[in-house]
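The next block holds one structure in the form of structure tokens; read it before the comments.
The values are calculated or read from the model by the stated rules, or taken from the named source; none is laboratory data. Quick caveat: nothing in here was measured; it's all calculated off a predicted structure. With ideal geometry, Cβ positions are generated from the backbone for all residues, glycine too; neighbour counts draw on all protein chains shown. Quick note on the areas: whole protein, heavy atoms, side chains included, nothing else; ligands and nucleic acids left out. Shrake-Rupley method; radii C 1.70, N 1.55, O 1.52, S 1.80 Å.
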Amino acid sequence: MRWTSPGALLGAILVALVLAAALTGAVWTPYDPLQIDFAARFAPPGARHLLGADAFGRDVLSRLMAGASTSVMISLLTVTLATGLGSGLGLLTGYVRGWTDRTIMAFINALLAFPGILLALGLLAVIGANKYGIVAALSIAYTPVVTRMVRGVVLSLREREFVEASRIMGNSPIHTMLVHVLPNCVAPITVLATSMFGWVILAESALSFLGLGVPPPAPTWGNMLAAARPYLGQAAWLGIFPGLCISLTLLGINLLGDAVRDRLDPRMRGLS
Amino acid sequence: MLRFALNRILMAIPTLLIVAVSVFVLIRLIPGDPAQIMLGDLATPASLEAVRRSLGLDQNIVVQFVIWFSHALRGDLGTSISTGQPVFGLVLERFFVSAQIVVLSVAAASLFAVPAGMIAAWRQNGLADLGLVAAATLLLSIPSFWLGLLLLMLFGLKLQWLPVVGYVSFSTDPYHALLYLIMPVLTLFLTEMGVILRMARAATLEVMGLDYITHARAKGLSESAVLWRHACKNAFGPTWTLIGLVLGNLLGGIAVVETVFTIPGLGRLVVDAIFARDYPVIQGCLLFIAIVYVLINLVVDLLYPIFDPRVGAE
């Protein structure tokens with residue numbers, strides 16, 4: 001099966017590695033990621049510091065592991081919030097229709113009228129740039145995408161015979177939605193959530209890179225890259241390892257996402 | 001055709017209104033007195049009163065919106081708190097810097113990625129396809145700001161072929177302007193290539209499975225005639241829409257690349273304004289970028305019938 005295609009396997013391994021690094025990073029790192037040690041300033045990768053040390057002599061590997069757990073936690077929270085809220089709104093607007101639908105969709109379309117990361121930037125300006133600000137801003141920015149997708153699926157499902165049958169049997173709308181409509185939305189929601197995980201990792205590291213994410217000294221891959229910028233000439237590893245972490249994570253998620261989509265959405269099989 | 005165009009243009013008007021309302025509301029959500037925020041620490045009771053009157057803050061929120069929006073329509077987005085410059089001029093000036101990078105890179109990326117995607121689809125599961133898809137997936141996974149840093153380390157620091165950071169405008173010094181533009185454009189060119197290639201491939205594959213392609217092959221047309229005359233046209237439509245989206249999304253996302261190369265563009269303006277809590281500038285930028293985004297999508301839709309005459313014919 002396609003699950004065992006080399007791409008899917010590589011994707012699964014990469015994602016498993018990131019999750020393992022994040023879990024480990026939450027409880028144990030080789031050094032304290034915030035420990036300043038001027039003796040180790042710009043120590044190149046070697047036996048003492050496997051991936052080198054930064055401008056304050058902090059261990060890069062430890063900081064990358066701590067950054068992994070921060071990024072994974074932010075992404076999990078954001079994806080859970082956005083898919084939960086988005087699916088709820090999508091079910092509601094698709095199934096109830098009428099004024100509820102029109103009012104909620106007007107909001108959703110307003111949010112969708114902003115390109116990419118811009119909405120998150122605007123929201124961060126209001127909420128304030130920190131860990132929870134990012135989760136809130138990105139959740140609000142990605143909820144509309146889920147809502148619109150789920151609403152579309154629900155709109156096509158609600159005309160199907162089995163939904164009508166449930167209605168005729170006298171089941172309440174809530175029962176019909178949760179027991180008969182929602183299970184049929186799970187596959188497209190899973191596909192979307194998988195890619196969203198990647199979008200959030202990317203957006204979070206971009207915002208941290210801009211200085212609008214998790215504030216230093218707490219390490220994230222994005223703010224480590226931003227901090228490395230002045231020292232790229234003398235300490236190239238500072239600019240390479242955090243970016244490599246982001247890229248390998250995204251590569252894993254993209255490969256796994258393609259596999260999940262091929263598996264759950266046969267119409268798309270092999271298309272992209 | 002004319003009806004389609006008119007319809008589509010009229011449909012953009014409510015979207016633009018919604019955008020204006022959301023930008024207005026978003027900035028109003030910031031706690032505090034807008035007059036105090038706009039004047040900053042230099043506020044005197046008299047100047048506060050004057051600003052409140054000119055913004056209509058003594059009236060209800062709908063009137064306030066109408067006042068703000070009618071000013072915005074006339075190109076008056078207020079003045080920057082930190083520099084005192086009119087926001088509209090500032091936004092426009094920065095927009096041209098970003099726009100030249102975005103347009104150049106997306107045009108170049110489309111020029112390469114669309115044919116490459118079609119070739120990949122044509123040779124589905126062949127060596128060329130596997131190679132192109134692998135390259136596209138890899139490019140898709142590299143964030144633009146890291147790719148920018150890598151290029152900067154290679155061409156700027158190691159080989160010293162190109163200037164590291166900065167920006168010169170074309171009107172002052174075309175040669176150096178070009179040198180400064182190469183790396184940011186190359187960065188976005190590579191990043192966007194992955195997205196566009198995958199889309200072009202998917203769209204072509206979908207078309208290649210249709211009956212009329214089998215028919216074209218069955219009547220003995222050569223592969224190249226089938227691909228270029230029959231498949232290509234229909235496959236380009238979805239890709240064209242994606243290119244429009246990429247263009248708009250980049251205007252929102254270019255801040256990171258501008259940060260890497262220290263380019264004074266629109267993205268950097270938004271980020272700096274957020275740091276400086278320069279709310280008129282944040283508001284102006286959000287409104288301007290969102291409107292440009294809506295307009296790009298409008299133009300993309302209006303041009304769509306050129307590639308797919310079924311759209312717009314009704």
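Given the structure, is A:ALA129 more than 19 Å from B:THR15 (Cα to Cα) and in a loop (DSSP other than H, G, I, E, B)? First the steps, then the outcome.
Working: more than 19 Å from B:THR15 (Cα to Cα): yes; in a loop (DSSP other than H, G, I, E, B): yes.
Yes; evaluated as a whole, the condition is true for this residue.
Kindly indicate whether A:VAL153 is over 18 Å from the mean Cα position of the chain (by Cα) and assigned to a helix (DSSP H, G or I). Write out each step before concluding.
Values: over 18 Å from the mean Cα position of the chain (by Cα): yes; assigned to a helix (DSSP H, G or I): yes.
The answer is yes for A:VAL153.
Quick one: which of B:VAL87, B:VAL51 is more than 14 Å from every other protein chain (Cβ to nearest Cβ), in contact with a strand residue (DSSP E or B) (Cβ under 7 Å, 6 or more places away or on another chain), touching a residue at least 12 places away in the same chain (Cβ under 8 Å) and not hydroxyl-bearing (Ser, Thr, Tyr)? Give the steps one after another, and end with the answer.
On the way: B:VAL51 fails: in contact with a strand residue (DSSP E or B) (Cβ under 7 Å, 6 or more places away or on another chain).
When all the criteria are applied, what remains is B:VAL87.
Can we say B:LEU157 is in a helix (DSSP H, G or I) and either within 20 Å of B:LEU250 (Cα to Cα) or open to solvent by less than 20 Å² (accessible area, probe 1.4 Å) (or both)? Talk me through it step by step, then tell me what you get.
Working: in a helix (DSSP H, G or I): yes; either within 20 Å of B:LEU250 (Cα to Cα) or open to solvent by less than 20 Å² (accessible area, probe 1.4 Å) (or both): no.
Taking the combined requirement at face value, the residue does not satisfy it.
Has the range A:132-149 got any residue that is within 14 Å of chain B (Cβ to nearest Cβ), farther than 30 Å from A:ALA20 by Cβ and outside any helix (DSSP H, G or I)?
Looking through the range A:132-149, none of the residues is within 14 Å of chain B (Cβ to nearest Cβ), farther than 30 Å from A:ALA20 by Cβ and outside any helix (DSSP H, G or I).
State which residue pairs qualify: first residue β-branched (Val, Ile, Thr) and inside the range B:198-209, second residue assigned to a helix (DSSP H, G or I) and open to solvent by less than 10 Å² (accessible area, probe 1.4 Å) in any location, beta carbons under 7 Å apart, and separation of 6 or more residues or different chains.
B:THR204/B:GLY117; B:THR204/B:MET118; B:THR204/B:ALA121; B:THR204/B:ALA231; B:THR204/B:ALA235; B:VAL207/B:ILE213; B:VAL207/B:ALA231; B:VAL207/B:ALA235
Please go through the range A:1-54 and give me each residue that is in a helix (DSSP H, G or I) and among the small types (Gly, Ala, Ser), ordered by number. Walk me through how you get there before you give the answer.
Of the range A:1-54, the ones in a helix (DSSP H, G or I) are A:2-4, A:6-27, A:38-40.
Within the range A:1-54, A:GLY7, A:ALA8, A:GLY11, A:ALA12, A:ALA16, A:ALA20, A:ALA21, A:ALA22, A:GLY25, A:ALA26, A:ALA39, A:ALA40 qualify.
Before we move on, is A:LEU202 part of a loop (DSSP other than H, G, I, E, B), within 14 Å of chain B (Cβ to nearest Cβ) and closer than 17 Å to A:ILE117 by Cα? Walk me through it before giving the result.
Working: part of a loop (DSSP other than H, G, I, E, B): no; within 14 Å of chain B (Cβ to nearest Cβ): yes; closer than 17 Å to A:ILE117 by Cα: yes.
No; evaluated as a whole, the condition is false for this residue.
Would you be able to say whether some residue in the range B:233-254 is basic (Lys, Arg) and touching a helix residue (DSSP H, G or I) at 6+ places or on another chain (Cβ under 6 Å)? Please lay out each step first, then the result.
Start the filter on the range B:233-254 by keeping residues that are basic (Lys, Arg), which leaves B:233.
Filter again for touching a helix residue (DSSP H, G or I) at 6+ places or on another chain (Cβ under 6 Å), leaving none.
No.
Have a look at A:ALA125, A:ALA82, A:ALA129 and point out the one that is closer than 19 Å to A:ALA226 by Cβ, crowded, with 22+ Cβ neighbours inside 10 Å and among the aliphatic types (A, V, I, L, M).
Criteria check complete, one pass: A:ALA125.
Applying the selection to the range A:210-239, what residues are open to solvent by 10 Å² or more (accessible area, probe 1.4 Å), closer than 21 Å to B:GLY265 by Cα and facing chain B (nearest Cβ under 9 Å)?
Listed by number, the residues that qualify are A:LEU210, A:GLY211, A:ALA226, A:ARG229.
Does B:GLY78 satisfy the condition of being open to solvent by less than 40 Å² (accessible area, probe 1.4 Å), under 25 Å from B:LEU16 (Cα atoms) and modelled with pLDDT under 85? Steps first, answer last, please.
Working: open to solvent by less than 40 Å² (accessible area, probe 1.4 Å): yes; under 25 Å from B:LEU16 (Cα atoms): yes; modelled with pLDDT under 85: yes.
Spelling it out, B:GLY78 is indeed open to solvent by less than 40 Å² (accessible area, probe 1.4 Å), under 25 Å from B:LEU16 (Cα atoms) and modelled with pLDDT under 85.
Test B:ALA128 against the stated conditions and say whether it is at pLDDT 90 or above, more than 14 Å from chain A (Cβ to nearest Cβ) and surrounded by fewer than 22 Cβ atoms within 10 Å (Cβ to Cβ). Steps first, please.
Values: at pLDDT 90 or above: no; more than 14 Å from chain A (Cβ to nearest Cβ): yes; surrounded by fewer than 22 Cβ atoms within 10 Å (Cβ to Cβ): yes.
So B:ALA128 fails the test.
Restricting to the range A:86-126, name every residue that is within 14 Å of chain B (Cβ to nearest Cβ) and either of a type in the set (Ser, Thr, Tyr) or outside any helix (DSSP H, G or I) (or both). Lay out the reasoning, then the answer.
Going residue by residue through the range A:86-126, those that are within 14 Å of chain B (Cβ to nearest Cβ) are A:102-126.
Those that are within 14 Å of chain B (Cβ to nearest Cβ) and either of a type in the set (Ser, Thr, Tyr) or outside any helix (DSSP H, G or I) (or both): A:THR103, A:ALA113, A:PHE114, A:PRO115, A:GLY116, A:ILE117.
Assuming B:ILE263 fulfils every condition listed in (1) crowded, with 17+ Cβ neighbours inside 10 Å; (2) over 13 Å from the mean Cα position of the chain (by Cα); (3) modelled with pLDDT of 85 or more; (4) in a helix (DSSP H, G or I) apart from one, which condition is it?
Single failed check for B:ILE263: (4).
Residue check: is A:THR80 within 17 Å of the chain's Cα centre (by Cα), at pLDDT 95 or above and closer than 23 Å to A:VAL200 by Cα?
Details: within 17 Å of the chain's Cα centre (by Cα): yes; at pLDDT 95 or above: yes; closer than 23 Å to A:VAL200 by Cα: yes.
So A:THR80 fits the description; yes.
Tell me the residue from B:GLY32, B:GLY56, B:GLY40 that is within 14 Å of chain A (Cβ to nearest Cβ) and modelled with pLDDT under 80, please. Write out each step before concluding.
Values: B:GLY56 fails: within 14 Å of chain A (Cβ to nearest Cβ); B:GLY40 fails: within 14 Å of chain A (Cβ to nearest Cβ).
The conditions single out B:GLY32.
Taking into account only those residues within the range B:255-271 that are in contact with a helix residue (DSSP H, G or I) (Cβ under 7 Å, 6 or more places away or on another chain) and of a type in the set (Val, Ile, Thr), which is farthest from the other protein chains (Cβ to nearest Cβ)?
B:ILE263
Go through the range A:85-110 and count every residue that is modelled with pLDDT under 85, open to solvent by 50 Å² or more (accessible area, probe 1.4 Å) and under 25 Å from the mean Cα position of the chain (by Cα).
Just the residues of the range A:85-110 that are modelled with pLDDT under 85, to begin with: A:95-98, A:106-107, A:109-110.
With the extra rule that they be open to solvent by 50 Å² or more (accessible area, probe 1.4 Å), the set shrinks to A:96-97, A:107, A:109.
This time we only want the ones that are under 25 Å from the mean Cα position of the chain (by Cα), so: A:107, A:109.
Residues flagged as modelled with pLDDT under 85, open to solvent by 50 Å² or more (accessible area, probe 1.4 Å) and under 25 Å from the mean Cα position of the chain (by Cα) within the range A:85-110 amount to 2.
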